[in-house]
Amino acid sequence: MNLFPEEMRRDPYPLYDQMRSSSPVLHVAPLDLWMIFDHEGVKRALTDHEAFSSVVTPVTGKAPDWIIFSDPPRHTKLRAIVKRAFTARSVAALEPPSRARTAPPRADAGAARDGTARRGRGDGG
């Protein structure tokens, strides 16, 4: 099963529906990846740290040292440190520079085609 074809990236939901209807749990052997599709199963996997682990060991044998791939208590300690940096105020302060970097092109950049620059607005009036 190829989980990463172009059509899957564009619209994964039909495949999700197919996998969900065939089984609440799917093992993708080549990746040694387990996928859980039902609410109770996901809830258990997220809370039962004795039975389920976020630690991954790729074929290289060296697991990535990322918070997302760690289990409690290490994950809990790291998350407590990281969450101090991501307060509502600090995240809100990131909005203006983020918007500035992702702002759409100026209205007059391509406006000659539709006349919005000449009218001075983009509402069609």
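The values are calculated or read from the model by the stated rules, or taken from the named source; none is laboratory data. On a predicted model such as this, the values are computed, not experimentally measured, just so you know. Cβ placement follows ideal geometry from the backbone for every residue including glycine, while neighbour counts extend to all protein chains displayed. Heavy atoms of the whole protein, side chains included, go into the accessibility calculation; ligands, DNA and RNA do not. Shrake-Rupley method; radii C 1.70, N 1.55, O 1.52, S 1.80 Å.
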Unique match (being modelled with pLDDT under 90, exposed (fewer than 10 other Cβ atoms within 10 Å of the Cβ) and either among the hydrophobic types (A, V, I, L, M, F, W, C) or within 30 Å of P24 (Cβ to Cβ) (or both)) among A88, A109: A109
The range 1-20 - residue that is within 23 Å of D38 (Cβ to Cβ) and charged (D, E, K, R) and, of those, surrounded by the most Cβ atoms within 10 Å (Cβ to Cβ): R20
Residues satisfying the stated conditions in the range 20-40, i.e. under 23 Å from H75 (Cβ atoms) and over 20 Å from the mean Cα position of the chain (by Cα): V25, D32, E40
Pair list, Cβ under 8 Å, 6 or more apart: the range 48-60 residue farther than 9 Å from D71 by Cβ, other residue assigned to a loop (DSSP other than H, G, I, E, B): V56/A63; V56/P64; T57/A63; P58/P64
Matching option when the condition is hydroxyl-bearing (S, T, Y), loosely packed, with under 13 Cβ neighbours inside 10 Å and modelled with pLDDT of 85 or more, among T57, T47: T47
Spans of helices (runs of 4 or more DSSP H) in the range 1-90 with at least 1 residues acidic (D, E): 6-10, 13-22, 39-47
Checking E95 against (1) out of contact with any Phe, Trp or Tyr (no Cβ under 7 Å at 6 or more places or on another chain); (2) under 23 Å from F4 (Cβ atoms); (3) open to solvent by 80 Å² or more (accessible area, probe 1.4 Å), the condition it does not meet: (2)
Qualifying positions in the range 67-85 - closer than 25 Å to N2 by Cβ and either touching a residue at least 60 places away in the same chain (Cβ under 8 Å) or open to solvent by 100 Å² or more (accessible area, probe 1.4 Å) (or both): I68
